[in-house]
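Chemist: Can you keep this structure in mind? I'll have questions shortly.
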Amino acid sequence: MLLCDIARSVANEVRLRTVYAGIGRRASGVLIGRQVRLVSRKYIQLGRRVHIGDFCRIFGGSRPDSISIGDGTVIHDFCILRTSAGEIQLGRECSLNPYCVVLGEDVAIGNHVRIASHTVIAAENHIFDRLDVPIASQGCQSRGIVIEDDVWIGAGCAILDGVTIGTGAVIGAGSVVTKDVEQFSVVAGTPARLIRMRTAGQGPAPGPVEAAVHVASTELPEKGTV
Ligand SMILES: CC(C)(COP(=O)(O)OP(=O)(O)OC[C@H]1O[C@@H](n2cnc3c(N)ncnc32)[C@H](O)[C@@H]1OP(=O)(O)O)[C@@H](O)C(=O)NCCC(=O)NCCS
């Protein structure tokens, strides 16, 4: 290794520590991709081995721990998480695939949850009671969304405010989930309806949890973007 490479790697390490110092209490093994923006980062808690892909945007709210991301969770490129007065909690070993959006007040996502690309979890609705005031001026309301452990959400779904998705449920691609989903059920469509219940089967032997695809690079975000 050339001397300048060593110097560059030491400098990177120092900058890395400085960047992570403001991000959370436990941040070992965290990888953050290029052009990531963490807004209000003192309210964003990242667990160990969290990976955040390139171009993600995470908007912490206005109170401590308003966004928390559990150990081993991978947020792939171009995802957006945004809360203002509430909390978004993502559990351990989850994956949020490219172009997902999680927004609103109070979203609780359990452990081992897989969320495929282009899914929107929208825990808020515009108020539109009045006709004489623009919808944009009537404010928003939020009841919150709960997604329990081991749920698989297919690509391109919309999960609407007030919904609870029970443990082990599967949501078919392109579904709009408007009502609670029973645990271990398979639902699909718009609005999502029950297809069947999951039953114990003879699948392949369980292996390790799907390896995290490390989309996040170890490069530091450009100055001023974090
Ligand atoms: C829901 C899913 C898991 C299949 O579950 P399944 O229990 O094997 O369901 P089947 O394929 O036997 O289909 C059962 C019925 O549901 C319908 N169905 C299946 N998936 C559907 C979907 N996403 N939307 C609407 N209807 C769907 C089928 O057309 C079939 O209807 P029919 O009985 O009238 O013919 C699968 O269709 C799916 O949507 N996978 C998501 C894939 C994905 O997004 N991958 C991203 C990378 S992880």
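Chemist: Could you list 178, 119, 199 in order of exposure, starting from the residue whose Cβ has the fewest other Cβ atoms within 10 Å?
Modeler: Values: 178 14, 119 25, 199 6.
So the residues, fewest neighbours to most, are 199, 178, 119.
Chemist: Using the number of other C-beta atoms within 10 angstrom as an exposure proxy, rank 126, 112, 51 with the fewest first.
Modeler: Working: 126 11, 112 19, 51 23.
Listed from fewest to most nearby Cβ atoms, that is 126, 112, 51.
Chemist: For residue 140, enumerate residues with amide H under 5 Å from its amide H, sequence gap 5+ or separate chain, H modeled in the peptide plane.
Modeler: 127
Chemist: Sort 43, 99 so that the residue with the fewest other Cβ atoms within 10 Å of its own Cβ comes first and the one with the most comes last. Don't jump to the answer; show the numbers that get you there.
Modeler: Values: 43 21, 99 18.
Ordered from fewest to most neighbouring Cβ atoms within 10 Å, 43, 99 come out as 99, 43.
Chemist: Show the residues, 5+ positions off or on another chain, whose built amide H is closer than 5 Å to the amide H of residue 185.
Modeler: It is 169, 170, 198, by chain and number.
Chemist: If contacts are Cα pairs under 8 angstrom and at least 6 residues apart, what is the relative contact order of the stretch 49-189 in percent?
Modeler: Values: 457 pairs, mean separation 22.1, N = 141.
It comes to 16 percent, rounded to a whole number.
Chemist: Check which residues have an amide H placed less than 5 Å from residue 158's amide H, if you skip close sequence neighbours.
Modeler: 120, 175, 176, 177
Chemist: Can you tell me the order of 72-79, 179-186, 167-174 when each peptide is scored by its average per-residue count of other Cβ atoms within 10 angstrom, highest first?
Modeler: On the way: 72-79: 23.4, 179-186: 16.6, 167-174: 19.0.
Going from most to least packed, we get 72-79, 167-174, 179-186.
Computed from the coordinates by the stated procedures, all read-outs in this text should not be read as laboratory data. Keep in mind that what you see is a predicted model, and the values were worked out from it rather than measured. Reconstructed Cβ throughout: ideal geometry from the backbone, glycine too, with neighbour counts over all protein chains shown.
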